[in-house]
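S.K.: Just dropping this structure here.
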Amino acid sequence: VNGKIIIPVVVNVLYSTAAENISDAQIQSQIDVLNQDYTATNTDFSNTPAEFAGVAANVGITFELIKINRKSTNKTSWGTRDAMKSTKKGGLDPTSPTTTLNMWSCNIGGGILGYAQFPGGASATDGVVIDSDYFGITTASYPYNLGRTASHEVGHWMNLRHIWGDASCGDDLVSDTPVHKTSNFGVPTYPYVSTCLPAHNEMTMNYMDYTDDRGMYMFTNGQKARMTALFVAGGVRSGFRN
Ligand code: ARG
Ligand code: ZN
Ligand code: CA
């Protein structure tokens, strides 16, 4: 145990078309984005408004691609009920899920960009699923073409809630993120004044909102604390300690 949190990643690719069989380079581009976004080395981190600069975090977690599994299938969309995570159901079982982050790239369908399992769930379905159109950067589809779907989903996998708390002016259980009325889309112009009281600006550039990829570029210290708490001895994801 050296104190660093390094997450080994296995990527499971399920494809029914050539385009869905995303390249090794496309996959690596996604790992690179995760490494940038979770160490605040993303080039747009400096766009963080001064108002939020004091809480903007270097989460200090890195990701290492250890294996890519690929499987051709005649299933053209997978939905959100975990079939892609099961070899028996035509997908691919996760590899060592208590010590490895499994990601699946496949066509989800229904306009879903990605989904994740929160910590504490079944090992057999642990990990994140990203639609193949939004996995990585180069060939990904605008405006979700900067790999931020995975940055957001891995946030859920590390116990983060949506910044609006999935309720009107809801609570995300993080004290240094402002209250949001609801999800925000597109790229809101700063300052985006909340309609929740007392008067304040919303942090629309947080990864846990729903803005376009180019509109999200920071986590907060409070979110970092929630994520890193999983990896301490006895934590829900302590299997990942290095
Ligand atoms: N809708 C997805 C979710 O709730 C992901 C949204 C990701 N947003 C993005 N700009 N890539 O988990
Ligand atoms: Zn989400
Ligand atoms: Ca909050």
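Values quoted throughout were computed directly from the atomic coordinates according to the rules given, and no laboratory measurement underlies them. Keep in mind the model is a prediction, meaning the values are calculated, not measured. Ideal geometry is used to build each Cβ from the backbone, glycine not excepted, and the neighbour counts take in all protein chains shown.
S.K.: Through the Karplus equation 6.51 cos²θ - 1.76 cosθ + 1.60, θ set to phi - 60°, convert the phi angles of the stretch 132-139 into ³J(HN,Hα) values in whole Hz; use x for Gly and Pro.
M.R.: 4, 6, 10, 8, x, 10, 4, 9
S.K.: A further question on this structure: Would you mind checking which residues have amide H under 5 Å from VAL13's amide H? H placed 1.01 Å from N; only 5 or more apart, or other chain.
M.R.: Residues meeting the criterion, in which the H sits 1.01 Å from N, are ASN69, ARG70, LYS71, SER105.
S.K.: Also, quick follow-up: What value, in deg cm²/dmol to 500, does the helix sum -39500 (n - 2.57) over DSSP H runs of n ≥ 4 give at 222 nm once divided by the residues of the chain?
M.R.: Roughly -4000 deg cm²/dmol at 222 nm, from the helical runs in the chain.
S.K.: With only alpha-carbon atoms counted, please give the Rg and Dmax of the stretch 103-242, in Å.
M.R.: For the stretch 103-242, the Cα-based Rg and Dmax read 15.5, 44 Å.
S.K.: Under a plain spin-label model, where a point goes 7 Å from the Cα along Cα-to-Cβ, how far apart in nm are ARG81 and THR139?
M.R.: About 2.9 nm, to one decimal.
S.K.: Give the dimensionless ratio obtained when the Cα radius of gyration of the stretch 79-152 is divided by 2.2 N^0.38 Å.
M.R.: Cα Rg divided by the expected 2.2 N^0.38 Å: 1.08.
S.K.: Right, next: I want to verify a result. In a Gaussian network model of the chain, Cα cutoff 10 Å, which of these has the top mean-square fluctuation: PRO119, PRO94, PRO198?
M.R.: Highest fluctuation of the listed residues: PRO198.
S.K.: Connecting C-alpha atoms closer than 10 Å in a GNM of the chain, tell me which of HIS162, HIS152, HIS200 has the biggest fluctuation.
M.R.: HIS200
S.K.: Over the chain, what is the relative contact order in whole percent, taking alpha-carbon pairs under 8 Å and six or more residues apart?
M.R.: Reported relative contact order: 22 percent.
S.K.: Which residue fluctuates the most in the chain, going by a Gaussian network model with Cα springs under 10 Å, if the choices are GLU20, GLU51, GLU153?
M.R.: Result for the chain, Cα springs under 10 Å: GLU51 fluctuates most.
S.K.: Here is a further query. Restricting things to alpha carbons, tell me how big the stretch 110-190 is in terms of Rg and Dmax, in Å.
M.R.: 14.0, 42
S.K.: Still on this structure, I have one more. Rounded to whole Hz and in sequence order, give me ³J(HN,Hα) for the stretch 175-184 from the Karplus expression 6.51 cos²θ - 1.76 cosθ + 1.60, θ = phi - 60°, writing x for Gly and Pro.
M.R.: 7, 9, 9, x, 5, 10, 4, 6, 5, 10
S.K.: Given 4 °C and 1.567 mPa s, how large is the Stokes-Einstein diffusion coefficient of the stretch 148-194 in µm²/s, with Rh as the Kirkwood radius over Cα pairs?
M.R.: 112
S.K.: Hey, if you drop one equal point scatterer on each alpha-carbon of the stretch 1-102 and run the Debye formula without solvent, what base-10 log of I(q)/I(0) do you get at q = 0.14, 0.17, 0.19, 0.23 Å⁻¹?
M.R.: -0.70, -0.89, -1.00, -1.19
S.K.: Using modelled amide H (1.01 Å from N, peptide plane; none on Pro or chain starts), what sits under 5 Å from the amide H of SER86, excluding residues fewer than 5 places away?
M.R.: GLY91, LEU92
S.K.: Moving on to the next point. With 5 Å bins from zero, work out the P(r) of the stretch 36-82 over every alpha carbon pair and list the percent per bin.
M.R.: 5, 14, 15, 14, 8, 11, 13, 12, 5, 2, 0
S.K.: Where does the charge balance sit around THR139 when Lys and Arg score +1, Asp and Glu -1, over other residues with C-beta under 13 Å from its C-beta?
M.R.: Once all neighbours under 13 Å are counted, the net charge is -4.
S.K.: Based only on Cα atoms, what Rg/Rh ratio does the stretch 163-242 have, Rh being taken as Kirkwood's radius?
M.R.: So for the stretch 163-242, dividing Rg by the Kirkwood Rh gives 1.06.
S.K.: Determine which residues of the stretch 111-148 fall in the zone a paramagnetic label at ALA19 would reach in this model, i.e. backbone nitrogen under 12 Å from the point 7 Å along Cα→Cβ.
M.R.: Flagged as within label range: 132-134, 139-142.
S.K.: What are the residues whose amide H is under 5 Å from the amide H of THR220, where those residues sit 5 or more places off or on another chain and H is modelled from the backbone?
M.R.: Long-range HN contacts for THR220: ALA57.
S.K.: A further question on this structure: In Å, what Rg and Dmax follow from the Cα atoms of the chain?
M.R.: Rg, Dmax (Cα atoms, Å): 17.4, 53.
S.K.: Between LYS89 and THR39, what is the label-to-label distance in nm when each label sits 7 Å out along the Cα-to-Cβ direction?
M.R.: In this crude spin-label approximation the distance works out to 3.5 nm.
S.K.: Right, next: What's the extension gain from THR73 to VAL232 if we count 0.36 nm per residue and subtract their Cα-Cα distance?
M.R.: 53.3 nm
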